[in-house]
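**Student:** This is the structure I want to talk about, given as structure tokens.
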Amino acid sequence: MKLKIILTPFIICQSVFCWLSTTPAMAQSLTSRTTTANSYLVRGNAWAAKGEWERAIADYDLAIASDPNFDEGYYNRGLARLYLKDYKRACADFTRVLQLKPRDSQAHAERCGTQVLLGDLDDAIRDCDQALELDPRLARAWSHRGLARSLKGDYAGAIVDFDRAIKLDPRRAEFYSNRGATRLFMDDADGAIGDQNRALKIKPDIPEAYNVRGAARQFKGDLDGAVADYNQAIQLAPHFASAWANRGILWTAKGDLRRAEEDFTHAIELEPQLANAYAYRGLARLLQGRASDAQSDFDRYLSWDGNSKESLDRIITEAKRQFRERGKQ
């Protein structure tokens, strides 16, 4: 089945929070405002270590209120907002860090990753370029730039960046998973599967790796292996909309249109902005003879920028052809 696969979003690497420690001599040189800010930072970090992001942000707010030039407070608040998917405000925090410390390579790398998530790919690449000029051994910056390049269609450049990230830090499962997703964009299903296997050997509970490996197996025609991977991705992350959508495409390939429609509907409920899910649910409905319901989904798909009638027609034509061929088997 060669229907276009709805791939998982790339994985933005988890970052390290600033942990301040002061010797008595250092503490004497701190202003009272900075000392107070440092205390709130430490407490915020304790909340962050427990995954209590809102409480962590509240303490980082207090740290910044105590000392408006406290760059560590902005940096850690940006990371916490990143975990909460509050990308615009995270980006603003990293920008504030760079206003205070223009040569902070970590802040450039984090703003790069955040801009990838916001879709500001050119700005992301510029930030990672700056991060790597300041610190060529910052593996996360190589990986983030690889993400931006892959999303821009520069797959060869992305692979070079992921290779460099892996060479610098070979124990980061996310680097392999992201390189594998890029290889699948290049129709290198075997390479994609190999990278996901490496990622899962390092960290067996990555739903994105199962999702991409499922897509690669589906591309190769291994539908049973693909459904097993999608099921595992969904078990690990029940709210992972792309895995539900990919499994829906698989049910379409197997001719089980009812189950396909159910998975697409669930994906849409989880992520209403997942445009391709509307196209494929419309396709499942069309193949069931429900033209009116299908057209509503197609209209919704076409309402998003970048989606064309020509691409939708290609999806429908190819699916109908394969569905007819399946009926002849």
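**Student:** If residue 46 passes every condition in (1) surrounded by fewer than 21 Cβ atoms within 10 Å (Cβ to Cβ); (2) closer than 26 Å to residue 271 by Cβ but one, which one does it miss?
**Tutor:** All conditions are met except number (2).
**Student:** I'd like the full set of residues that are among the charged types (D, E, K, R) and either in a loop (DSSP other than H, G, I, E, B) or surrounded by fewer than 24 Cβ atoms within 10 Å (Cβ to Cβ) (or both), limited to segment 242-256. Before the answer, list the steps.
**Tutor:** At the first step, the residues of segment 242-256 found to be among the charged types (D, E, K, R) are 247, 254, 256.
Passing the criteria: 254, 256.
Yes/no per residue for (1) under 17 Å from the mean Cα position of the chain (by Cα); (2) not assigned by TED's automatic domain parsing to the domain that holds residue 214:
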{"residue": "136", "(1), (2)": "no, yes"}
{"residue": "144", "(1), (2)": "yes, yes"}
{"residue": "149", "(1), (2)": "yes, yes"}
{"residue": "152", "(1), (2)": "yes, yes"}
{"residue": "156", "(1), (2)": "no, yes"}
{"residue": "175", "(1), (2)": "yes, no"}
{"residue": "187", "(1), (2)": "no, no"}
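**Student:** Checking residue 130 against (1) part of a helix (DSSP H, G or I); (2) surrounded by fewer than 19 Cβ atoms within 10 Å (Cβ to Cβ): exactly one of these is not met. Which one?
**Tutor:** The single condition residue 130 does not satisfy is (2).
**Student:** When you look at residue 289, is it more than 21 Å from residue 119 (Cα to Cα) and touching a residue at least 60 places away in the same chain (Cβ under 8 Å), yes or no?
**Tutor:** Details: more than 21 Å from residue 119 (Cα to Cα): yes; touching a residue at least 60 places away in the same chain (Cβ under 8 Å): no.
So residue 289 fails the test.
**Student:** Looking at 218, 235, which one is crowded, with 20+ Cβ neighbours inside 10 Å and part of a helix (DSSP H, G or I)?
**Tutor:** Details: 235 fails: crowded, with 20+ Cβ neighbours inside 10 Å.
Criteria check complete, one pass: 218.
**Student:** Anything in segment 84-93 that is in a helix (DSSP H, G or I) and either within 12 Å of residue 117 (Cβ to Cβ) or in contact with a His (Cβ under 6 Å, 6 or more places away or on another chain) (or both)? List them, or say none. It would help to see each step written out before you state the result.
**Tutor:** Step one: of segment 84-93, the residues in a helix (DSSP H, G or I) are 87-93.
The answer is 87, 88, 90, 91.
**Student:** Being surrounded by fewer than 24 Cβ atoms within 10 Å (Cβ to Cβ), in contact (Cβ under 8 Å) with a residue 12 or more places away in the chain and not assigned by TED's automatic domain parsing to the domain that holds residue 183 narrows it down to one of 300, 259, so name that one. Reasoning before the result, please.
**Tutor:** Working: 259 fails: in contact (Cβ under 8 Å) with a residue 12 or more places away in the chain.
Result of the check over 300, 259: 300.
**Student:** Of the residues 214, 248, which is touching a Phe, Trp or Tyr at 6+ places or on another chain (Cβ under 7 Å), without any contact (Cβ under 8 Å) to a residue 60 or more places away in the chain and under 18 Å from residue 284 (Cβ atoms)? Before you say what the answer is, go through the steps one by one.
**Tutor:** Working: 214 fails: under 18 Å from residue 284 (Cβ atoms).
Just one listed residue meets the conditions, 248.
The values are calculated or read from the model by the stated rules, or taken from the named source; none is laboratory data. Just so we're clear, the structure is a prediction, and the values are computed from it rather than from any experiment. Cβ: placed from backbone, ideal geometry, glycine included. Neighbour counts: every protein chain shown.
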